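Worksheet for the structure shown next.
What follows draws every value from the coordinates through simple rules; no lab data is involved. Everything quoted here is computed from the prediction, not taken from an experiment. As a convention, Cβ positions derive from the backbone with ideal geometry for all residues, glycine included, and neighbour counts pool all protein chains shown.
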Amino acid sequence: MNMHHYTLHDFKGGIHPEQNKSQSTGQDISTAGIPKILILPISQHIGAPAVPLVKVGDVVLKGQVIAQGEDFVSCNLHAPTSGVISAISEAPVPNQSGMQDTCIQITTDGNDSWPPIKGLDNYLDAEPQALIEAISQAGISGMGGAGFPTHVKASIPASKIDTLIINAAECEPYITSDDALMRENAADIIKGIEILQAILKPQQCYIGIEDNKPEAIKALQDALKENKDDTHGIHVVVIPTKYPSGGEKQLIQILTGLEVPVAGLPADIGIVCQNIGTVRAIFQAVALGRPLISRITTITGDTVAHPQNFEVLLGTPVQYLLEQAGCDQNKIQRLIMGGPMMGFTITDNQIPVTKTSNCIIAATHNELADPAMEQACIRCGMCTQACPAQLLPQQLLWFAKSSNLDQAQAHNISDCIECGACSYVCPSNIPLVQYYRFAKGEIKQAKADKQSSEQAKLRFDTRNARLEREEAEKAEKRKARAEAAAKKQAAKKDAPPTEDATAAASDPAAELKGLKQKVLASQTRVDKARERLSMAQEQNLDTAGALQLGLDKQIEKLAIAQKNLEQANS
Amino acid sequence: MNLLNISSPHATRPGNTGTVMLTVLAALIPGIAVLSYFFGPGHLIQICLASATALLCEAAILYVRKKPILFYLTDYSALLTAVLLAISLPPYAPYWVTIVATLFAIIIAKHLYGGLGQNPFNPAMIGFALVLVSFPVEMTTSWSAPSALLNSSISIQDALRYIFLSRETIDAITMATPLDLYKHQVEIATATEIYQDPIFHGPNSDASIALGWQWVNFAFLLGGAFLLWKKIFTWHVPVSLLISLSLLSLFIGWDSDSYVPLSLHLFAGATMLGAFFIATDPVTASTTPLGKLIYGAGIGILIYVIRTWGAYPDAVAFAVLLMNFCAPLIDQYSQPRTYGHKKAVRGLAKKD
C-alpha cells in the first residue's frame, strides 16, 4: 500500500491566503479548440532560444518541428496544429517586463492533421539515453513555471540521484491545472513517473501534494493500485496546505528535511524535482511519440462566467481563451498570467499561452484591490514570521530603500525567492518584494559595472605594455641600423668592396638578428590579437570565436619563431 | 480595456497599520475596565486628556512636516501611545503632568526622530520617564487606594477636581502602591507583618496577592493572550521577560522576609502591562526570534534589578528604555540562519 506514514518536515514561515480554487474545479478539462492564429515564441524555456527551421509561407503539419534547440540547454518547438507559417517576427510574449521576442505565427487550417507518430516500444526496458532523446525531441521544458529544459534535468547521472520528487503541491491560489490533470489523467502521470524512474533510478519517489486536493490524491492512489504490482515505489505524500509549499526548495524541505545548499541545485543533495504537467508530457513523448504542443491552463477570475481548465494549444492568444470561458473583457481590471502571488500582469490580450502558462486570472477591481498607500514600517516582524527563506524582510527593506547594497547582500537578499509572502502579510502595505527586486537589480548592475571596469583596466594595461615594447623595439632597430651603417662606412674605408653581399647573407649573426626580430614581431601580433579578443569578449561580440582562432594561430607562429631562434642559437 | 500593469504579489491581506493599532487598543479594554473598577474614574479621564493632547499635537506636527494629516492620524499610533501613557501614569496625577508627558512622547520621542517607525525609544515610556524624574512628588502621591478600602468610591466630580483644580484633599484617597509599600516595609518588618496591611488581602481577605492590582494584571494578561492569538506579536518577548523576572525572583528573592516575593513582582505592579503592551512595541523592540528572547530577558532582568536595588518601586519604563538602546545591536547579532546556509550571519557586513 502507498499509505505509509511519513515524517513531514515543516518549512519556516509561509502564509494561508484565500485559495480561490473551487471556482475552476467544477468542470472537467475541456479542449479550447483551434484559434485562427497561433503565436509561438521561440524562447519558451530557460536557455538558448530555438532556431526557426521554417520560413514564411511554409505549410506545416501538426507536431512538425518548426524551431530547433541547437544548444544542449534549449528546447525544440513544434507546430501545435497544421497550417501555414504566416509570419516570423517580433511580438509581445508572456514576460514580467512586457517585452517582445521573435515569434513564429501559424495561420491554422483547421484540419489538425498529424503525420504518423509512434512512441518507443517497451520503453521501460529502453536505454536511458533513448528515453532522454525522446524527451529532448519532444521539446519538453518544466511546466510548473520556470521552464527549465527537461532533458537537461534528466541527464543528471543516475548515480547522483537518490530521490525523485514530483511537485503536485500547486500552492498558489486560483491555479488548478495540475489538480485537474491529476484527477483526469492520473494513470498517464504514474507512467510518466516510471519513465523518469527508468532514467534516474532513484531509491525513492514522492509525489508531494497539498491536502486541499482530495480528489486528485484519490485518483493518484487508485492509479497506483491499478498499476501492476507495488514494485514501482511511488509514494503519494499528502502535505498541509500552506503557501509556498510548492516552491521547489520548500517542497524538498517538507518531504526530506534537507535544504538545497545556497547557490546550489537539488541534485547537489541527490534530488530531482519535476512538475505534474511535465511528467505527463514525458509520458506522451516517450510512450506515444507526441511532442509538447498543448498544456492544461486554468482560466479563472471574477470576470469569467465559466472558470475552468482547458487543454490549450501552445500559442493560443489569451483573448481566444477568455472568449471560450465567457469572460466579460470590459470588466477586467488586472489580467494575470500565473498565480496571484508570483504571476505577472499582461496588458495585451494577444499574448499567447506558452509551455509555462499554468493559469490566467482575469480579475475585477474588487477581487484584487489596487495597491494601498504604503505606510511606515512599524517593524512588526510579521514579514519575518512569513518568510520561508528565513530572511529578515524588514531589515532588507531598510537596506533596499537606502541603496545600502553591501548590507543587503550581507543579509542574503539573493536568497529571496520572491514568493511575496512578506508583502502579503505586511500591515503597512509596503511592496517589499518590489523593493527587493530593485535592490537585486542594482546589485547585478553594480557587479556588471565592476567586471566591465576591471576588464577595461586590464585591456588598458596590456595596450600600454605593448606600446612600450614596440617603442623599445623601434629604438633598437634604429640603433642597429645606425650601427650597421657605421660599420658599412668603416668597412668601405678599410677594405675593397668584395664578397660583401654573400658574406652578409651567410653571416650567422645577421641571421640570428633577423630571427630575433621575427620573434618580437610575432610577440606583438599575439599581444594585439589578445587585446582584440578581450575587447570582443567584454562586449559579447559574436566575433570572439574567430578572434580566439586567430590568437591561437599567432601563438603557434610565435612558438615556431622562438624554436627557430633557439636552434640558431645552439 | 485599460489593464493594470504592476508586479507580483497581487494578493494582499486586508488591513493596515491602523488595524493593528486598533486591535491593540481593543486588547487594552479589559485592563482599563478593571483599573477603573478598582481605582475610580481617574484613568479614564487621563486617557481622554492624553488622547486629545496626542491627536492635536500629532496633527500640528504633521501639518508642520507637510504630511497628509488624516492619513497619518488614522494609523492610530498616536492614540495608542496616549492610551498606554495614560494607564501607566498615576490615575490622579495633575493634568499638566499628563500633558507634558504626552507632548514629550509625541513631539520629542516620536516626530523628532522621524515619526512612526523611526523612533528608537518607546514614546510612551519616554514621556513616562520624563515626568517620573521631573515631578517625583506628583508621580508618587497620586496613586489611589483600591475603592474597597475607601469610605466611598471616587466620583467623577472628585476625580476631575483632583486632576484639574485642587489637590487639597487628595490625601484622603491616595496611598502607596503595594510594590512601594512592600519594598519599604521589608527593611523593617517580616513578611507576615507586612501582609497585615489590607492592601494585600483586602478588607475582607478577598484578595490573595494585592487588592485590585492582581485583577488588573490578570486583565492585561488576558488582553495580551488575545493579541498573541491574533498574531499581532509573537510569544518571545513576554515569555522571556516573565521567565527571567521569575527566575531572578526565585533565586535571589526567595526569602520574602528580605525581598519582594514573586507573586507581587508578577501581579502587583505594571509587569503584565509592560510584558504584553510596552515591551512588545515592535518599533523599538528587537525583531529577530532569538533577538526577541534576549531583549525580553534583558527587560525582565532590569525590572528585577531596579525594583530590588534601585530607587524606584516599579521599573518597567526604565528597563524597556535601556533595552531599546540595545535592540539594534541585538538584531545584528541574532539573525536567523537563512535557508540553505550552513550558519547564521553575525554582525554587519565588513566595509571594503
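From the P(r) of chain A, could you give the percentage of C-alpha pairs in the tail past 36 Å? In whole percent, the share of Cα-Cα pairs in chain A beyond 36 Å is 49. When the helices of the protein assembly as shown are scored as -39500 (n - 2.57) per DSSP H run of n ≥ 4 and the total is divided over every residue, the value at 222 nm lands at -14500 deg cm²/dmol.
Between the residues B:P9, B:P90, B:N122, the greatest Cα displacement towards the positive end of the dipole of segment B:9-160, with unit charges on the Cβ of Lys, Arg, Asp and Glu, is found for B:P9.
Here the residues A:H16, A:H235, B:H111, ranked from fewest to most Cβ neighbours within 10 Å of their Cβ, fall in the order A:H16, A:H235, B:H111. Projecting the Cα atoms of A:M99, A:Q409, A:G110 onto the charge dipole of chain A (Cβ charges, centred on the Cα centre) puts A:Q409 farthest toward the positive pole.
Each Lys or Arg adds one and each Asp or Glu subtracts one; over the other residues with Cβ under 13 Å from the Cβ of B:Y259, this totals -1.
When GluC sites (Glu not before Pro) are flagged only if DSSP places them in a loop and at most 12 other Cβ atoms lie within 10 Å, the longest unflagged stretch of chain B comes out as B:1-167.
For chain A, the longest principal axis of the Cα atoms and the long axis of helix A:177-200 meet at an angle of about 50 degrees. The longest stretch of chain A left intact once loop-based trypsin sites (Lys or Arg not before Pro) with at most 15 other Cβ atoms within 10 Å are removed from consideration, loops following DSSP, is A:229-570.
Would you mind ranking B:F220, A:F148 so that the residue whose beta carbon has the fewest other beta carbons within 10 Å leads the list?
Values: B:F220 26, A:F148 19.
Lowest to highest Cβ neighbour count: A:F148, B:F220.
Neighbours of B:T102 by Cβ distance under 13 Å: Lys/Arg scored +1, Asp/Glu scored -1, total 0.
When A:F438, B:F251, B:F267 are ordered from fewest to most other Cβ atoms inside 10 Å of their Cβ, what list results? Mind showing how you got there, number by number?
Values: A:F438 14, B:F251 8, B:F267 20.
Ordered from fewest to most neighbouring Cβ atoms within 10 Å, A:F438, B:F251, B:F267 come out as B:F251, A:F438, B:F267.
The charge dipole of segment A:1-102, taken about its Cα centre with unit charges on the Cβ of Lys, Arg, Asp and Glu (plus for the first two, minus for the last two), comes to roughly 200 debye. What Kirkwood hydrodynamic radius do you get for segment B:177-334 when you take the inverse of the mean 1/r over all pairs of distinct Cα atoms, in Å? Taking every pair of different Cα atoms in segment B:177-334, averaging 1/r and inverting gives 15.9 Å. Given N residues in chain B, what is Rg(Cα) / (2.2 N^0.38 Å)? Cα Rg divided by the expected 2.2 N^0.38 Å: 1.06. Each distinct pair of alpha carbons in segment B:17-175 adds a 1/r term; the inverse of their mean, the Kirkwood radius, is 16.0 Å.
About its Cα centre, how strong a charge dipole does chain A have in debye, to the nearest 20, once Lys and Arg get +1 and Asp and Glu get -1 at the Cβ? Intermediate values should be presented prior to the final figure.
Values: 54 positive and 65 negative charges, 521 e Å.
Value, rounded to 20: 2500 debye.
Dividing the alpha-carbon radius of gyration of segment A:382-443 by 2.2 N^0.38 Å (N being the number of residues), what value is obtained? This ratio for segment A:382-443 stands at 0.96.
Compute the relative contact order of chain A as a whole-number percentage, counting only Cα pairs closer than 8 Å that sit 6 or more residues apart in sequence. Kindly include the intermediate steps, with their values, before the conclusion.
Values: 1070 pairs, mean separation 87.0, N = 570.
In percent, rounded to a whole number, it is 15.
Shape analysis of segment A:226-304 yields a ratio of the Cα radius of gyration to the Kirkwood radius, Rg/Rh, of 1.04.
Near B:L62, within a Cβ-to-Cβ distance under 12 Å, what is the net charge of the other residues, with Lys and Arg +1 and Asp and Glu -1? The partial results should precede the final answer.
Working: positive: B:R65, B:K66, B:K67, B:K110; negative: B:E58, B:D75.
Charge balance near B:L62 sits at +2.
Hydrodynamic radius of segment A:430-570 by the Kirkwood approach over all distinct alpha-carbon pairs: 19.5 Å.
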